[in-house]
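Engineer: Let me begin by handing over the structure; questions about it come next.
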């Protein structure tokens, strides 16, 4: 499913014309890629929401970097 919406607005009081176009799409898991990466069928929900899948070696550096940046952001917010 592909979503499209166009919004147009006109204000007589200020003589303003504005146009906005919104486009959307749907995210779907790539089950084939997940199976290649994890070596077995692993549902996306188990990977993303349940944190039940082990971190594959190919993703260790990415996860480590994201965790470091996340901790840094948390520390910065606490010091505000």
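Engineer: Tell me, yes or no, whether the range 3-15 has at least one residue that is in a loop (DSSP other than H, G, I, E, B), exposed (fewer than 10 other Cβ atoms within 10 Å of the Cβ), at positive phi and at pLDDT below 75.
Structural biologist: yes
Engineer: Another question, then. Considering only residues of the range 21-40 that are in a loop (DSSP other than H, G, I, E, B) and free of Cβ contacts under 8 Å to residues at least 24 places away in the same chain, which is surrounded by the most Cβ atoms within 10 Å (Cβ to Cβ)?
Structural biologist: Checked the range 21-40; the qualifying residue surrounded by the most Cβ atoms within 10 Å (Cβ to Cβ) is 29.
Engineer: Return the residues of the range 41-57 that are more than 12 Å from residue 29 (Cβ to Cβ), exposed (fewer than 14 other Cβ atoms within 10 Å of the Cβ) and modelled with pLDDT of 85 or more; say none if nothing qualifies.
Structural biologist: Result: 50, 54, 55, 57.
The values are calculated or read from the model by the stated rules, or taken from the named source; none is laboratory data. Every value quoted in this text rests on a predicted model; they were computed, and no experiment measured them. When we count neighbours, we look across all protein chains shown, and the Cβ atoms used for this are built from the backbone with ideal geometry, even at glycine.
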